[in-house]
Each structure stands twice: as structure tokens, then as C-alpha cells.
Amino acid sequence: MSRLLLWLLVILTVSGPTVCAAASPAAAMSAQPDWQHLYGKQPLRFTVMRKGQAIGSYTTRFVDDAGGFRVEAQMAIEVKVLLWDYRYQYQAEEVWQRSRSGDVLDQLQVAVNDDGQPFRLSLQRQGQQLVGHSSDGELAVTLPMLTTQHYNAAVLRQSQVLNTLTGKVNRIKVVALGQQVISAQGQQRQAQHYRYEGELHDTEVWYDDEGRWLRLRFRGKDGTAIEFICQQCGLPEAQQAHGRPTPAEHAG
């Protein structure tokens with residue numbers, strides 16, 4: 001279980017055609033979205049669940065910078081199994097620069113403590129690449145590139161992802177599974193459900209029609225389902241999903 005959460009943040013990608021059969025919420029987003037307009041000024045907050053029990057939290061914060069913005073993500077998890085406590089901590093910071101052709105990832109810093117096993121990743125933009133190193137060695141990643149921070153529904157149009165847990169670029173494809181009504185921010189909300197396949201698999205994600213990230217589900221290496229349940233993700237207050245869902249539509 002030392003890699004129980006290996007797939008924890010792996011979903012977002014960089015370049016490639018859309019593979020979704022259904023309409024993508026990313027289509028509703030501009031090339032350079034205003035994240036605080038989409039999500040609000042409060043951080044995104046998710047409760048991490050395993051076997052019906054809360055085991056931790058995940059937050060994402062957006063900070064305006066001169067000529068761009070920063071995205072700060074933090075996660076803390078603790079799983080108790082008999083006499084053994086498993087702890088996982090994650091911190092990441094993305095620095096993005098705005099340009100007429102689109103947002104460009106300028107820097108990425110990641111620090112992970114996987115139950116005592118550290119991992120670090122440090123990349124900076126040089127021309128059309130991110131260059132730097134991880135705990136496993138030197139790296140060079142071709143831009144443009146999205147990272148594994150889930151907030152950006154443009155991932156649904158992509159076919160590669162920079163895995164911030166490994167520093168590697170993984171190939172994926174995204175399969176649309178249709179609409180579901182899920183619980184998010186204390187509301188019943190209509191959402192588009194997707195599954196990721198390819199080098200990253202056993203992972204599902206939900207976005208609303210505006211492109212807000214509402215939920216994540218994946219399986220740890222022991223086969224146990226792990227879920228991120230939205231507590232604060234920029235939804236208008238008291239907005240309810242339309243229609244009456246069938247039992248099969250519920251996602252948790």
C-alpha cells in the first residue's frame with residue numbers, strides 16, 4: 001500500500017484530439033478562463049473518502065500574478081489499517097503566464113511524502129520545453145502541457161498528461177459515460193461523467209456543464225475505490241439538478 005494513491009492526481013493532459021463521444025464541458029470554457037470567475041474566490045475543497053470513511057482533504061487555490069496566475073494544491077491523507085498508519089502528503093505549485101496564444105506553464109514545483117518516501121519535481125520553462133529534474137533524474141517536457149490538477153476541463157480534449165507524481169508524460173484517452181446526478185457542495189447536481197484509459201486507467205471524473213470539476217474516483221493498488229467529494233467548488237448556492245435521477249444515475 002506504499003503506493004496506494006499512485007493514481008491520485010493523474011488525469012490532465014496536453015496535446016491531442018478529443019476522444020469524447022458526448023459534448024465536452026471544456027467547450028464552454030474560453031482558451032484563457034478566469035478561474036476565480038469559474039470557481040469563486042474560495043479555494044476548491046474536497047474530502048478524500050475510502051470505504052465510506054473520510055481519510056483526508058485536497059485543496060486548490062488560485063492566486064493572481066503579474067502577467068499570469070499561480071495554482072497551489074495541497075493534500076493530506078491518513079489511512080489506519082490495523083496497527084499500521086499510512087500517511088501521504090502532497091504540495092504542488094504551478095506558475096502560468098498568459099499570452100495571446102494561450103496560457104503557458106512557466107514553472108512547476110512538487111513535493112510528496114509517501115509514507116516516508118519523498119519525491120520532488122522541479123521544472124522551469126526554457127523556450128518550448130519545461131526542463132529540470134525529479135527525484136528520479138533529469139527531465140525535459142515539450143510544451144504546451146497541462147498537469148494533474150483536475151481543475152481544467154480542457155483535459156477532455158487532450159491525449160497526454162504530465163504526471164506530477166512521477167514527472168513522466170503519460171498517454172491517455174477519455175471516454176464519455178453520459179450525464180449523472182451527483183452530490184457536490186451539498187447539492188444534487190447534473191454532471192458529465194468520464195473515464196480515463198490508456199497508461200492511466202481505473203480513474204473517473206465528473207464536470208458540470210460550465211467546466212467545474214466536481215468529483216474524482218480511482219482505484220488504489222489494492223483495488224479499493226478512493227473518491228474526492230466536493231465540499232466547495234464554486235457552485236451557485238442552492239442550485240439543484242434538473243430532472244429526477246434513477247438509482248443508476250447516482251455516483252455516490
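The values are calculated or read from the model by the stated rules, or taken from the named source; none is laboratory data. Everything numeric here is computed off the predicted structure, so don't read it as measured data. Heads up, the Cβs are rebuilt from the backbone with ideal geometry, glycines too, and the neighbour counts pull from every protein chain shown. Just so you know, the surface numbers come from the protein's heavy atoms only, side chains and all, with ligands and any DNA or RNA stripped out. Shrake-Rupley method; radii C 1.70, N 1.55, O 1.52, S 1.80 Å.
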Practice problem: Could you tell me which numbered condition R120 fails, if it satisfies all but one of (1) out of contact with any Asp or Glu (no Cβ under 7 Å at 6 or more places or on another chain); (2) in contact (Cβ under 8 Å) with a residue 24 or more places away in the chain; (3) not in a loop (DSSP other than H, G, I, E, B)? | Solution: (2)
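Residues checked against (1) more than 22 Å from the chain's Cα centre (by Cα); (2) under 27 Å from E227 (Cβ atoms); (3) open to solvent by less than 10 Å² (accessible area, probe 1.4 Å); (4) among the hydrophobic types (A, V, I, L, M, F, W, C):
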{"residue": "V95", "(1), (2), (3), (4)": "no, no, no, yes"}
{"residue": "A111", "(1), (2), (3), (4)": "no, yes, no, yes"}
{"residue": "D115", "(1), (2), (3), (4)": "no, yes, no, no"}
{"residue": "H150", "(1), (2), (3), (4)": "no, yes, yes, no"}
Quiz item: In segment 14-37, is there at least one residue being over 21 Å from M145 (Cα atoms), at pLDDT 50 or above, open to solvent by 60 Å² or more (accessible area, probe 1.4 Å) and of a type in the set (S, T, N, Q)?
Solution: no
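Considering only residues that are open to solvent by less than 20 Å² (accessible area, probe 1.4 Å) and not in a loop (DSSP other than H, G, I, E, B), which ones fall in segment 99-109? It would help to see each step written out before you state the result.
Our first condition is that a residue be open to solvent by less than 20 Å² (accessible area, probe 1.4 Å); within segment 99-109, this holds for 102, 105, 108.
Of everything in segment 99-109, those that are open to solvent by less than 20 Å² (accessible area, probe 1.4 Å) and not in a loop (DSSP other than H, G, I, E, B) turn out to be L105, L108.
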Quiz item: What number of residues in segment 178-197 are among the small types (G, A, S) and either surrounded by fewer than 16 Cβ atoms within 10 Å (Cβ to Cβ) or assigned to a loop (DSSP other than H, G, I, E, B) (or both)?
Solution: 2
Quiz item: Restricting attention to segment 61-82, which residues are open to solvent by less than 20 Å² (accessible area, probe 1.4 Å) and farther than 30 Å from T224 by Cβ?
Solution: G68, F69
Quiz prompt | Close pairs (6 angstrom Cβ cut-off, 6 or more residues apart or separate chains): on the phi > 0 side of the Ramachandran plot and modelled with pLDDT under 95 in segment 93-109, open to solvent by 20 Å² or more (accessible area, probe 1.4 Å) and not aromatic (F, W, Y) anywhere | solution = G102/A31
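From the residues in segment 198-227 that are in a strand (DSSP E or B) and open to solvent by 10 Å² or more (accessible area, probe 1.4 Å), which one is farthest from R45 (Cα to Cα)?
Only one residue fits best here, namely G198.
Can you tell me which residues in segment 186-207 are among the polar types (S, T, N, Q) and within 17 Å of the chain's Cα centre (by Cα)? First the steps, then the outcome.
Step one: list which residues in segment 186-207 are among the polar types (S, T, N, Q), which gives 187-188, 190, 192, 203.
Hits for segment 186-207 are Q192, T203.
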